[in-house]
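Remarks on the structure that follows.
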Amino acid sequence: MREEVLFTLDTPYRQPLAVKGWFFGTPGRKTLAVMGALRGNEIQQMYVCSQLIRRLDTLEQAGALGQDCGILVIPCANQFSMNVGRRFWAADNTDINRMFPGYDAGETTQRIAARIFAALQGYTYGIHVTSLYLPGHCLPHLRIMKTGYQNPELARDFGLPYIALREPHPYDTTTLNYNWQIWDTQTFSLYTPATDRIDVSAARQAVEAVVRFLHTRGLCQCEVTQGEPARIFAEETLCNIQPAQGGLLVYMTELGNKVRRGQALAQVVDPCSGAIRQTLCTPVGGRVFFEHEASLINGRDVALRILPDEG
């Protein structure tokens, strides 16, 4: 294992931002790069990378990594926002993951993105351990942008149960996933249910998925748990369930549960009188894929997303 400061950037009113990377395997080889927290509330994402670093260190010391294997892990690139409890860059509230491939002479977040992207260039595979843009919890899954360069069959090697293919919107073209793929890296975004809290079980599952991918690709010789057969689906097939008006959100089901068409999944309750304003029912049968995080919800916010049954 080799720890290295990839770049340092001056920040206003605080110490310089030093972004570190941890390297494993054969020097000079660029097989797999893993990017962690780009946002200040991505505690789980940073934790996943920290546990991956520990696991890779153990594998490297045991001589389990192949000669053609070179791995880079960057746990966090936004300590500034993390330290002050802000999701986006604290100085101007911009999102680093909407700044790729970056611009070395631009604003601070553009310069951070440019230097991160330079460090990640040239790797065969890339994993972005990231969080949803919606505030809530989702089932563990991989997401791949449909850039024309994607190979979703590779994602089966992680052994996770779900692989979402996303049709890029204009704002997706400035994300790490999209640009990394265009620059000849097979890229996967890895999601776990938690963001600003640590979910040890989900983190362990994510680390095991990465190691399983390395093992299946012939890059690591070690014992791995058996993965699950993956369902590949288009992200736009997810069914959004939204309340007509806001209030307290009281769930009647849980993330991951199987639900039938017409089943009541949640109630929107008047915060003061306790009257039920609306009962949210699913128009499709399937599995609860996403749940809104906060107990208060606004009208038209996404409360749940249902992955419809196949067929």
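For A118, indicate whether it is at pLDDT 95 or above, more than 26 Å from F158 (Cβ to Cβ) and aliphatic (A, V, I, L, M).
Spelling it out, A118 is indeed at pLDDT 95 or above, more than 26 Å from F158 (Cβ to Cβ) and aliphatic (A, V, I, L, M).
Checking N151 against (1) under 16 Å from the mean Cα position of the chain (by Cα); (2) surrounded by fewer than 18 Cβ atoms within 10 Å (Cβ to Cβ); (3) free of Cβ contacts under 8 Å to residues at least 60 places away in the same chain, only one condition comes out false. Which one?
(1)
With the condition kept exactly as written, say whether any residue in region 64-87 is β-branched (V, I, T), part of a loop (DSSP other than H, G, I, E, B) and at negative phi. Before you say what the answer is, go through the steps one by one.
Step one: filter region 64-87 for residues β-branched (V, I, T), giving 71, 73-74, 84.
Going one step further and asking which of them are part of a loop (DSSP other than H, G, I, E, B), we end up with 84.
Now narrow it down to the ones that are at negative phi: 84.
Scanning region 64-87, I find at least one residue that is β-branched (V, I, T), part of a loop (DSSP other than H, G, I, E, B) and at negative phi, so the answer is yes.
Looking at the structure I just gave you, is A194 in a helix (DSSP H, G or I), aliphatic (A, V, I, L, M) and either at pLDDT 95 or above or in the same structural domain as T31 (by TED's automatic domain parsing) (or both)?
no
Quick one: M35 ticks every box in (1) in a strand (DSSP E or B); (2) closer than 24 Å to Q205 by Cβ; (3) over 16 Å from the mean Cα position of the chain (by Cα) bar one, so which box is it?
Every condition holds for M35 apart from (3).
Looking at T175, is it buried (at least 17 other Cβ atoms within 10 Å of the Cβ), touching a Leu at 6+ places or on another chain (Cβ under 9 Å) and modelled with pLDDT of 95 or more?
no
Please list, ordered by first then second residue, the pairs with beta carbon atoms under 6 Å, 6 or more apart or interchain, first in region 274-302 and closer than 17 Å to L248 by Cα, second among the β-branched types (V, I, T).
Between residues of region 274-302 that are closer than 17 Å to L248 by Cα and residues that are among the β-branched types (V, I, T), the close pairs are I276/V269; R277/V268; Q278/V268; L280/I241.
Which residue pairs have Cβ atoms under 6 Å apart, sit 6 or more places apart or on different chains, and have a first residue in region 216-235 that is in a strand (DSSP E or B) and a second that is not hydroxyl-bearing (S, T, Y)?
Correct list of pairs: C220/A64; C220/L65; C220/L214; I232/P152; I232/I163; A234/L165.
Pick from region 235-294 the residues that are more than 28 Å from the chain's Cα centre (by Cα) and of a type in the set (V, I, T): which of them is farthest from L132 (Cα to Cα)?
So the residue we want is I276.
When you scan region 26-46, do you find a residue that is of a type in the set (V, I, T), assigned by TED's automatic domain parsing to the domain that holds C138 and free of Cβ contacts under 8 Å to residues at least 40 places away in the same chain, even just one? Step through it out loud before you land on a result.
Let us first name the residues in region 26-46 that are of a type in the set (V, I, T), namely 26, 31, 34, 43.
Subset that is assigned by TED's automatic domain parsing to the domain that holds C138: 26, 31, 34, 43.
Applying the additional criterion that residues be free of Cβ contacts under 8 Å to residues at least 40 places away in the same chain yields none.
Checking region 26-46: not a single residue is of a type in the set (V, I, T), assigned by TED's automatic domain parsing to the domain that holds C138 and free of Cβ contacts under 8 Å to residues at least 40 places away in the same chain.
Does P168 qualify as being without any contact (Cβ under 8 Å) to a residue 24 or more places away in the chain, in the same structural domain as Y125 (by TED's automatic domain parsing), assigned to a loop (DSSP other than H, G, I, E, B) and surrounded by fewer than 18 Cβ atoms within 10 Å (Cβ to Cβ)?
In short, yes.
Against the conditions (1) assigned to a helix (DSSP H, G or I); (2) on the phi > 0 side of the Ramachandran plot, where does E153 fall short? Just the number, please.
The single condition E153 does not satisfy is (2).
Given the criterion touching a strand residue (DSSP E or B) at 6+ places or on another chain (Cβ under 6 Å) and of a type outside the set (V, I, T), identify the matching residue among S50, S81.
Being touching a strand residue (DSSP E or B) at 6+ places or on another chain (Cβ under 6 Å) and of a type outside the set (V, I, T) holds for just one of S50, S81, which is S50.
Out of all the residues in region 82-101, is one or more of a type in the set (D, E, K, R), surrounded by fewer than 16 Cβ atoms within 10 Å (Cβ to Cβ) and modelled with pLDDT of 95 or more?
The first filter runs over region 82-101 and keeps only residues of a type in the set (D, E, K, R), leaving 86-87, 92, 95, 98.
When the remaining residues are screened for being surrounded by fewer than 16 Cβ atoms within 10 Å (Cβ to Cβ), the result is 92.
Checking which are modelled with pLDDT of 95 or more leaves us with none.
Within region 82-101 (the criterion being of a type in the set (D, E, K, R), surrounded by fewer than 16 Cβ atoms within 10 Å (Cβ to Cβ) and modelled with pLDDT of 95 or more), the answer is no, since none of the residues qualifies.
Given the residues G246, G227, which is the only one that is out of contact with any Lys or Arg (no Cβ under 7 Å at 6 or more places or on another chain) and either farther than 25 Å from A164 by Cα or modelled with pLDDT under 95 (or both)? Full working, then the answer.
Values: G227 fails: out of contact with any Lys or Arg (no Cβ under 7 Å at 6 or more places or on another chain).
Of the residues listed, the single one that is out of contact with any Lys or Arg (no Cβ under 7 Å at 6 or more places or on another chain) and either farther than 25 Å from A164 by Cα or modelled with pLDDT under 95 (or both) is G246.
The values are calculated or read from the model by the stated rules, or taken from the named source; none is laboratory data. The structure presented is a predicted model; accordingly, all values stated were derived computationally and were not measured. Positions of Cβ are generated from backbone atoms using ideal geometry, with glycine treated the same way; all protein chains shown enter the neighbour counts.
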